[in-house]
Amino acid sequence: MKKHRLIYTILLLFIVITLSGCIDAKFHLTVNKDGSGDFSYQMLMDPTLLAFTADYNDGTDDDALTEMINDAKESGFTITNLNENGKVGFKADKHINNLQEELKGGELFGQENMDSSIKPGEGLIVDEGFFKTRYKFKMDFDMSDMLNNDSGEFDEIDNIAQSMIKSMNFSFALTMPVSALTHNAGKTEDDGKTLVWTLLPGQKNEIEMTAEVWNVKNIALLIALIILFAILAIMVAKRKKSNNQSIDPPDILTNPPASDLPED
């Protein structure tokens, strides 16, 4: 019995090593200046693992990717099939007209099992002032449940599943219209406009960022108004000065004051 258990353990270990890094999941959210957004995510999976998910799927013949693709299509995503570096998968893209409202609803992915792991927190807050527009973004990727086993059954299967999950590559990228002022990202790209976080299974992953941008149009309008008022003020001042100079002083010799006239 112990011998069989040892062989089984070695086999599981071999599978873990073989399928290390078997899943790549990348999420990318772009915030536009007009308050809209573009969200995309891609899933790449080892074909061996993909076939395994089809064999053990509950009540259907679809594999995990097929189910995710169907859910994404129903939520309005455009799907592109991927085949990269020996892995297969898909990329889902969607334009969001009102990003703040979408984040408040907590339905960013259009996947129930994925959206339930996202805690919008404060989501996206855009404070539009006259001189500056301030952005604040806060989201929590709660992936702590991915490594929990409440059933207590199939310890070996659970161990291999957890080992595979730990070897998965998860990342979240946020692209803003301007460079971030503060953030807790692990990497920056595009002169600080794109922030990249590595998401770790088995724990909460906090995403935080602040940014601000000068409202150039409003500032230019204010400067133009100041210049216009200055020009008008100068023109009015010159006009008054010109009017004062055009008034001739009284001629004392030809029109002496009444007090200086001889009395009869």
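Values in this text are rule-based calculations from the coordinates and carry no lab data. Not measured: the values here are computed from a predicted model.
Which pairs in the list 217/241; 132/204; 73/104; 104/217; 94/132; 94/217 are over 25 Å apart, alpha-carbon to alpha-carbon?
Flagged as over cut-off: 217/241; 132/204; 104/217; 94/132; 94/217.
Mind listing the long-range amide H neighbours of residue 108? Cut-off is under 5 Å, sequence gap 5 or more, other chains count too, H placed in the peptide plane at 1.01 Å from N.
It is none; the list stays empty.
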